[in-house]
Amino acid sequence: MADDDPNSRSLAAQWFSSDVEGAEGPWGWRLDVVTLLAVIGESSIAEHAQTITASIFCLFPRIIPAPQAFLKPSRPARLPETTAKMTGVHSGVVLDTVGFFANIIHPLDNLPALSFEVLEITHTDRNSAGGYEIPKITNGSTLLSRLFSRKKTSAHPSQTPSALRRGPPDNVDETRKETSSPNMGFSTSADVEAGTPKQGITKRPTMKQKMQDFAANPTLTSASGRPAVPATLYSPVHILAVFSVMLTASIIGFAAHYQDGTAILSVSLISFASSVVGWASWWRPILMHRRHTNKVPKGDVIIRTREGGFLLVKCTEEVARELYSGTEECEYHVGGQAYRALMGLGTCLLMISVILLGNCKWKSQIFIGASYITLNGLYWAMGLVPKKYFWDLGRYDIRVLHSMASMSAHKQTSPNEQEGIPSFTRTLWYAIRETKRTAWVERSGAAPATPEWRRWLAEAEKAAKDEIRDWPAVARKDEIMKGDDDSNNRSPVTTEPTRAFDKAEQAVPAVEVQPRDRRGGDGTL
């Protein structure tokens, strides 16, 4: 019959037919497996899911391998953390995890066993530190107001607003402690937390920063400041997103050339599904900052890994709140109910597009299959790129403080079997020598709370404060544990009741760093 002849069908019917000439490959071959290629690679996508949805680029309609990786019943409320024992040197805060961005700045997995490193982290621009709203000097917008303001200032210098008037310093030493820099909007005292910011020069954001800010939070009416750590503009995720958009447009143009309406519809639906789920998961990081300006202890923290490595970070309390002791939360652009509705819509679009992909014509299936294979390889290769290239960490100025201890703590330094061999005790002494404190040792569980270890800690703190850098830490520990230490070298400590010696309670560290809980299905990545 004429109706069964594919060539006699209407033009619209031929666009969506799979049995017309050219719809099948040589010898009747078809690539129905292209539907499987569209959902393969979930592990690679899940690894970068939060990075992908951290900017406006996630709204671009494009094909993504394994889009079901974004279809989750719930969204993570916080960024993933790394397991380690983190202790405030001065504040005494003890936590069992290290924040997401802190681990990007100094990857703990790269810290060798029994090593010791020292970093100094400060804010690059003090105007963006701590969530302060820097007061600005308001100039008149008209020529008359500017002339009036200039005339008033020159004619009556004594009538300067009290907020700008600086009287003579009460203490010369305090004045010398104040620092000033062209890049700082206000001057700081020895304690940067001592008072509110002063008016001054503010650093203008560059065009790149403005584009990054718009990509992370394009709501122009928002009164909030720029995101603390936005995704960098030239992030591999952004580059791959633009490439995916171009590849998607090429597939649609190729399918239109060969009159394959099924391929056009399937690719359009799966691209729209990626935009829907990206919108549902679109977020930006919110870091904790201080609400008050009262004086607080320094923010130095020390991190101990499960392998016995120590990392000392010298920073202010503002930096410590943002990266270490505070919480890194995710602020989403859509609410919880809208998220579930968008997830349902994205699921329906994905199922329909997968069905249509299996009915594309032969040449379209080749192009689509090759595209998914290419994207899967690129997303897998993106996992080899360090995470610091995905986020703009220019908010912080990071310096590595090199010393002999930090460079050789995990290496053999001499033939001496006690002091020259890497050990937990020697690395612990290096950390005490740098901090000149031992309270954090007991609070973090780095050493047991036994009389022997308390005596050793007392001697170590005294040696650190006396700048005795070659103090025999391992030898003194062995002497104290054996109970044959010389009374002349013994530090004055509080006498404690005599008890039987037990080797089990002398083992270090007293509290081990527990491995990460690898539970799934709880909304975390």
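The values are calculated or read from the model by the stated rules, or taken from the named source; none is laboratory data. Please read these numbers as outputs of a predicted model, since none were measured by experiment. Positions of Cβ are backbone-derived with ideal geometry, glycine not excepted, and every protein chain shown enters the neighbour counts. Only protein heavy atoms, including side chains, enter the accessible area calculation; ligands, DNA and RNA are left aside. Shrake-Rupley method; radii C 1.70, N 1.55, O 1.52, S 1.80 Å.
Some observations on this one:
- For the pair Met481 and Glu417, a Förster radius of 22 Å applied to the C-beta separation gives a FRET efficiency near 0.90, rounded to the nearest 0.05.
- One chain, two ends: Asp125 and Asp397. Fully extended at 0.36 nm per residue, the span grows by 97.0 nm beyond their Cα-Cα distance.
- Asp470 versus Val39: modelled label distance in nm, points set 7 Å from Cα along the beta carbon direction: 6.9 nm
- Label-point gap, in nm, between Ile366 and Trp380 - each point 7 angstrom along Cα→Cβ: 2.3 nm
- Over 18 Å between alpha carbons, listed pairs Lys436/Lys462; Lys295/Lys465; Lys462/Lys482; Lys314/Lys436: Lys295/Lys465; Lys462/Lys482
- Once the Cα-Cα distance is subtracted from the 0.36 nm per residue extended length, the Glu512 to Ala338 segment shows a gain of 58.4 nm.
- Rolling a 1.4 Å probe over the protein heavy atoms of the range 81-122, with every protein chain left in place, gives an accessible area that is 47 percent carbon and sulfur.
- Spin-label pair Ala256/Glu307, simplified geometry with 7 Å Cα→Cβ offset, distance in nm: 5.4 nm
- For the range 370-470, the carbon plus sulfur part of the accessible surface works out to 54%, probe radius 1.4 Å.
- When nucleic acids and ligands are ignored and a 1.4 Å probe is applied, Asp466 ends up with an accessible area of around 80 Å².
- Leu345-Glu47 FRET efficiency (beta carbon distance; Förster radius 35 Å; 0.05 resolution): 0.90
- Look at the alpha carbon pairs under 8 Å that are at least 6 residues apart: their mean separation over the length of the range 279-322 gives a relative contact order of 41 percent.
- Amide H within-cut-off set for Phe116, under 5 Å, with H built and near neighbours excluded: Phe310, Ala409, His410
- Once the 1.4 Å probe is applied to the protein heavy atoms, the range 229-379 comes out at 39 Å² accessible per residue.
- Karplus 3J(HN,Hα) series, Hz, for the range 451-460 with 6.51 cos²θ - 1.76 cosθ + 1.60 (x for Gly, Pro): x, 5, 6, 5, 5, 5, 5, 5, 5, 5
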